[in-house]
Amino acid sequence: MRLPTWLTQHIAALRALLVFTVLLGLAYPLAFVAIGRVPGLSDKADGSLVTVGDTTVGSSLVGQSYTDADGNPDPRYFQSRPSAAGDGYDPTSTSASNLGPESVVDTLSDNPDDASQSLLTQVCARSLAVGKLEGVNGSRPYCTADGVGAVLAVFYRDGLTGPVTRVVSVNQTDKPFLPTYGGVTVEPAQNGKDYQALGGVITPIRGNAPSSPVVPADAVTASGSGLDPDISPAYATLQAPRIARERGLTLDQVHKLIADHTDGRALGFLGEPAVNVLELNLSLDGK
């Protein structure tokens, strides 16, 4: 007896469902669980958790913050790079800020929930804070002395050309970082105003900061995942004098710890050397 065409099609679909359920729903996951138990891979499959005694202190694959009870950087520890994942290094909220190089104008508002900082101002503020913590010059090009993006909205008589008629420091609502520009007094910004929409030409001002800032880039920018456990050797070295002072160690001792926990480029040429902050801080506590 020949089955109806519609029933044959349904039986074929059911068979395909069962086959793919077994292959992709059972065999495939179980195969990867088995691979994860292979010696040398099991630690990574379990999250590379790091324990001290009976206490799990973190994962060597996920960064974390080192702060005091008030949420300020703990000067006794090496600091990680910034994180945009949740409140910082939250694996359930792994993400980047989604801000790019053209993000230079802050959103100013009387309502704090509507206000937001541009990427440029975030970088400027972080650089200033790191400079203060480490006792070095935290200035950067295109940043004001008070740690916001040095950006003007310049209004020209003929739109994009002609004499300057008005200038606004778009990221500052108090005293502008420049008194005049193009012979015109610079105004502070007003909350809620979009000066670019009003016809202003957004003009970043480089300033006189060194072209190679003392504070390295990874100290002021978050990683794409927000979970980066590593910092650059340059950032670790910048923190070494503070660590030596707070811990009563010599600078040579701290530099040796950094060198011992610096991983080179993968395969000798991929990526950049990196220092795992958790492992470095644990060694520091042991010291």
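The values are calculated or read from the model by the stated rules, or taken from the named source; none is laboratory data. What you see is a predicted model, and the numbers here were worked out from it, not measured in a lab. Ideal geometry is used to build each Cβ from the backbone, glycine not excepted, and the neighbour counts take in all protein chains shown.
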Residue check, residue 275 surrounded by 20 or more Cβ atoms within 10 Å (Cβ to Cβ) and in a strand (DSSP E or B): yes
Sole residue being surrounded by fewer than 19 Cβ atoms within 10 Å (Cβ to Cβ), of a type in the set (Gly, Ala, Ser), under 23 Å from residue 236 (Cα atoms) and out of contact with any helix residue (DSSP H, G or I) (no Cβ under 8 Å at 6 or more places or on another chain), chosen from 131, 135, 71: 71
Residue among 104, 50 that is assigned to a loop (DSSP other than H, G, I, E, B) and among the aliphatic types (A, V, I, L, M): 104
Residues of the range 155-185 satisfying the condition of being aliphatic (A, V, I, L, M), more than 21 Å from residue 209 (Cβ to Cβ), surrounded by fewer than 22 Cβ atoms within 10 Å (Cβ to Cβ) and touching a residue at least 24 places away in the same chain (Cβ under 8 Å): 160
Residues located in the range 40-78, provided they are modelled with pLDDT of 70 or more and touching a Ser or Thr at 6+ places or on another chain (Cβ under 8 Å): 49, 50, 57, 59, 60, 61, 63, 64, 65, 66, 73, 74
Candidate set: the range 83-119, residues that are in contact with a helix residue (DSSP H, G or I) (Cβ under 8 Å, 6 or more places away or on another chain) and of a type in the set (S, T, N, Q); chosen: the one modelled with the lowest pLDDT: 97
Pair list, Cβ under 6 Å, 6 or more apart: the range 227-238 residue over 30 Å from residue 92 (Cβ atoms), other residue hydrophobic (A, V, I, L, M, F, W, C) and buried (at least 22 other Cβ atoms within 10 Å of the Cβ): 233/275
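Here is a yes/no grid of residues against (1) acidic (Asp, Glu); (2) buried (at least 17 other Cβ atoms within 10 Å of the Cβ); (3) not in a loop (DSSP other than H, G, I, E, B):
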{"residue": "84", "(1), (2), (3)": "no, yes, no"}
{"residue": "92", "(1), (2), (3)": "no, no, yes"}
{"residue": "95", "(1), (2), (3)": "no, no, no"}
{"residue": "112", "(1), (2), (3)": "no, no, no"}
{"residue": "121", "(1), (2), (3)": "no, yes, yes"}
{"residue": "124", "(1), (2), (3)": "no, yes, yes"}
Pairs where the first residue, in the range 25-47, is under 14 Å from residue 61 (Cα atoms) and the second is in a helix (DSSP H, G or I) and at pLDDT 70 or above, C-beta under 7 Å, 6+ apart: 41/35; 42/36; 45/36
Among (1) at negative phi; (2) in the same structural domain as residue 123 (by TED's automatic domain parsing); (3) in contact with a Ser or Thr (Cβ under 9 Å, 6 or more places away or on another chain), the one test that residue 192 misses: (1)
Some residue of the range 45-62 being under 18 Å from the mean Cα position of the chain (by Cα), within 30 Å of residue 172 (Cβ to Cβ) and not acidic (Asp, Glu): no
Condition met for residue 136 (outside any loop (DSSP other than H, G, I, E, B), at negative phi and not aromatic (Phe, Trp, Tyr)): no
Residue 151 in contact (Cβ under 8 Å) with a residue 12 or more places away in the chain, surrounded by 12 or more Cβ atoms within 10 Å (Cβ to Cβ) and farther than 25 Å from residue 211 by Cβ: no
